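S.K.: Below is the structure I would like to discuss, written out as structure tokens.
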Amino acid sequence: MDSPRLLRRCLLAAFSAVLLASAAVTPAQADPTRAAAPEPRAAAAVTFSDTFDGPAGSAVNSSKWQTETGDNVNNHERQFYTAGTNNAALDGQGHLVITARRENPNNYQCWYGRCEYTSARLNTSGRFTTTYGRVEARLKVPRGQGMWPAFWMLGNDIGQVGWPNSGEIDVMENVGFEPSTVHGTLHGPGYSGSGGIGGAYTLPGGQAFADAFHTFAVDWSPEAITWSVDGTVYQRRTPADLGGRQWVFNKPFFLILNLAVGGYWPGDPDGSTVFPQQLVVDEVKVTTGESSGGAPIRGLAGKCVDVAAANSANGTPVQLYDCNGTAAQQWTVGSDGSIRALGKCLDVTAGGTAEGTPVQLYDCNGTAAQRWTVTGARDIVNPQANKCLDVTGNNSANGTRLQIWTCAGTANQKWTVG
């Protein structure tokens with residue numbers, strides 16, 4: 001079933017009264033073959049990291065985060081977001097703690113009258129943005145009816161184009177009445193509010209997300225975004241999912257962490273809700289897909305992606321071969337979606353999308369035939385074809401040609417970069 005989700009408003013200090021959203025999603029079943037996958041891009045560069053080290057009670061690093069203030073009428077949320085450290089502070093043990101309290105010591109006024117709750121919302125606007133890469137946070141969510149924690153992103157041009165034209169990427173949202181489930185969603189022009197495009201992931205065996213820390217991530221490249229929980233990929237979205245509507249995710253976005261109380265989607269707290277509640281953040285990290293120099297891409301039988309005969313001519317076959325450390329096996333995975341060796345790009349021959357279309361080396365030209373997504377599940381996907389890099393015939397012999405094929409989670413489609 002779809003879960004109803006309504007609009008949110010961005011309360012940025014630089015611009016106010018900007019509508020945001022939370023959307024209806026169709027839960028996606030995780031592929032069990034993709035569990036516990038190792039991290040991609042071993043040589044990737046960390047462009048943003050906060051492990052929240054500092055004395056207990058101290059504020060977050062103001063060079064990385066700003067604090068938003070105010071209420072939110074558009075969702076009928078109940079909290080007032082405060083400045084200072086009463087609702088957002090370090091715990092002295094390497095965590096940021098965002099605390100929702102049932103209190104109003106300063107007589108804050110909300111859309112419904114005197115506010116009943118306080119909480120906090122932080123963002124990196126004006127401090128950090130990213131275009132593509134792996135965006136992740138290790139979090140422990142609160143529990144209870146009416147709780148609504150989120151880790152998400154907004155297009156940095158929201159002040160110029162407004163929402164939803166800015167785009168929104170929800171890495172993780174949880175509502176208290178679904179203790180075992182989180183949601184990941186895209187919002188943009190024509191697919192915002194209850195029309196957002198997304199999916200959900202549910203922990204097995206009735207576990208609750210509030211019981212332990214979990215890592216929530218998106219792997220984001222041109223024309224594709226992939227969501228995972230603890231390395232398990234549960235959905236991937238491309239422009240093909242938008243039904244001809246505009247893909248607005250090839251530009252800078254900033255990060256947001258918040259804990260809302262109440263609202264249309266989670267419902268208000270009730271007699272079962274215990275306060276205070278806390279969203280505990282262990283780490284937030286962003287890594288690019290850029291590796292320094294080159295690195296091998298290993299696959300079936302431990303062999304490497306190889307340019308045949310180390311020949312840099314256009315159209316040279318790309319194959320599987322014993323790893324030997326030569327330049328023909330040194331690949332750079334770019335945040336622009338390209339995978340490069342010998343100064344040229346991994347290319348789907350003639351831009352084909354059919355099963356079995358071979359891949360080759362070719363002059364880098366920025367076309368969809370040269371765009372790839374390396375996922376946390378170790379797939380290398382060509383979004384245009386919606387197919388995976390594949391060893392033909394599952395044959396590990398030297399010289400076996402590589403191709404694209406429908407992603408099946410099989411060993412001949414699993415790759416480790418670096």
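Please treat every number below as a calculation from the coordinates, not as lab data. As the structure is a computational prediction, the values presented were derived from the model and not from experiment. With ideal geometry, Cβ positions are generated from the backbone for all residues, glycine too; neighbour counts draw on all protein chains shown.
S.K.: Just to confirm my numbers, what's the Cα centroid distance between region 348-418 and region 243-294 in Å?
M.R.: Here the two parts' Cα centres lie 31 Å apart.
S.K.: While we're looking at this one, here's another question. Counting alpha carbon pairs within less than 8 Å and at least 6 residues apart, what relative contact order, in whole percent, applies to the chain? List each step's numbers first, then the result.
M.R.: Details: 1209 pairs, mean separation 79.1, N = 418.
Here the relative contact order equals 19 percent.
S.K.: Charges only on Cβ, +1 for Lys and Arg, -1 for Asp and Glu: so what's the dipole of region 204-253 about the Cα centre, in debye to the nearest 20?
M.R.: Approximately 260 debye in magnitude.
S.K.: Further question: How charged is the neighbourhood of K140? Take every other residue with its Cβ under 9 Å from the Cβ of K140, and add Lys/Arg as +1 and Asp/Glu as -1.
M.R.: Summing Lys and Arg as +1 and Asp and Glu as -1 gives -1.
S.K.: With only alpha-carbon atoms in the gyration tensor, what are the semi-axes of the equivalent ellipsoid for region 89-167, in Å, largest first?
M.R.: Largest first, region 89-167 gives 27, 20, 12 Å.
S.K.: Add +1 for every Lys or Arg and -1 for every Asp or Glu among the other residues with Cβ under 11 Å from the Cβ of F52, and state the total.
M.R.: -3
S.K.: If you average 1/r over every pair of different alpha-carbon atoms in region 85-231 and take one over that average, what Kirkwood value in Å do you get? Walk me through the intermediate numbers first.
M.R.: On the way: mean 1/r = 0.0586 Å⁻¹.
After inverting the mean inverse Cα-Cα distance, the result is 17.1 Å.
S.K.: For region 271-281, what does the Karplus curve 6.51 cos²θ - 1.76 cosθ + 1.60, with θ = phi - 60°, yield as ³J(HN,Hα) per residue in whole Hz, taken in order and with x for Gly and Pro?
M.R.: Coupling constants for region 271-281: x, 8, 7, 9, 10, x, 10, 9, 9, 9, 10 Hz.
S.K.: Over what distance in Å are the Cα centres of region 59-109 and region 173-237 separated?
M.R.: 23
S.K.: Tell me, Y264, Y321, Y81 in order of fewest to most beta-carbon neighbours within 10 Å?
M.R.: Sorted ascending by nearby Cβ count, the order is Y264, Y321, Y81.
S.K.: For the chain, with a Gaussian network of springs between Cα atoms less than 10 Å apart, report the residue from T185, T232, T273 with the top mean-square fluctuation.
M.R.: For the chain, modelled as a Gaussian network with Cα springs under 10 Å, the answer is T273.
S.K.: With charges set only on the Cβ (+1 for Lys and Arg, -1 for Asp and Glu), what does the dipole of the chain come to about its Cα centre, in debye to the nearest 20? Walk me through the numbers before you get to the answer.
M.R.: On the way: 30 positive and 35 negative charges, 66 e Å.
Taking the Cα centre of the chain as origin, the dipole is about 320 debye.
S.K.: Looking at region 209-283 from every direction and averaging, what is the projected area of its Cα convex hull in nm²?
M.R.: On the way: hull surface 29.8 nm².
Over all viewing directions, region 209-283 projects a mean Cα-hull area of 7.4 nm².
S.K.: Next up: What nm value, rounded to one decimal, do you get for the distance between A327 and E103 when each label is placed 7 Å out toward the C-beta?
M.R.: Rounded to a tenth, the inter-label distance reads 6.5 nm.
S.K.: What does the helix-only formula give at 222 nm for the chain: each DSSP H stretch with n ≥ 4 adding -39500 (n - 2.57), the total divided by the residues, and the result rounded to the nearest 500 deg cm²/dmol?
M.R.: My calculation for the chain gives 0 deg cm²/dmol from helical runs alone.
S.K.: Note down the net charge around S221, summing +1 for each Lys or Arg and -1 for each Asp or Glu among other residues with Cβ under 9 Å from its Cβ. Walk me through the numbers before you get to the answer.
M.R.: Details: positive: R371; negative: D219, E223, D336.
Result for the neighbourhood of S221: -2.
S.K.: While we're looking at this one, here's another question. Please give the FRET efficiency for S312 paired with A83, using the beta carbon to beta carbon distance and R0 = 60 Å, rounded to the nearest 0.05.
M.R.: About 0.60, to the nearest 0.05.
S.K.: Same structure again: Compare the Cα positions of S192, I404, T288 along the charge dipole of the chain (+1 at Cβ of Lys, Arg; -1 at Cβ of Asp, Glu; about the Cα centre) and return the one farthest towards the positive end.
M.R.: I404
S.K.: Please compare each pair in K140/K387; K140/K303; K64/K303; K64/K414; K285/K414; K344/K387 to a cut-off of 32 Å on the Cα-Cα distance and tell me which ones are over it.
M.R.: K140/K387; K140/K303; K64/K303; K64/K414
S.K.: Which FRET efficiency value, to the nearest 0.05, is calculated for Y112 and A354 with the Förster distance at 60 angstrom and r the Cβ-Cβ distance?
M.R.: It comes to 0.60.
S.K.: May I pose another question? Using the Kirkwood radius over Cα pairs, work out the Stokes-Einstein diffusion coefficient for region 7-289 at 25 °C and 0.890 mPa s, in µm²/s as a whole number. It would help to have the intermediate numbers written out before the result.
M.R.: On the way: Rh = 18.8 Å.
Translational diffusion coefficient: 131 µm²/s.
S.K.: Express the relative contact order of region 297-417 as a whole percentage, based on alpha carbon pairs under 8 Å and six or more residues apart in sequence.
M.R.: Values: 296 pairs, mean separation 33.5, N = 121.
Relative CO of region 297-417 lands at 28 percent.
S.K.: Any idea how far apart S272 and A59 come out in nm if each label point goes 7 Å out from Cα toward Cβ?
M.R.: That separation, rounded to one decimal, is 3.8 nm.
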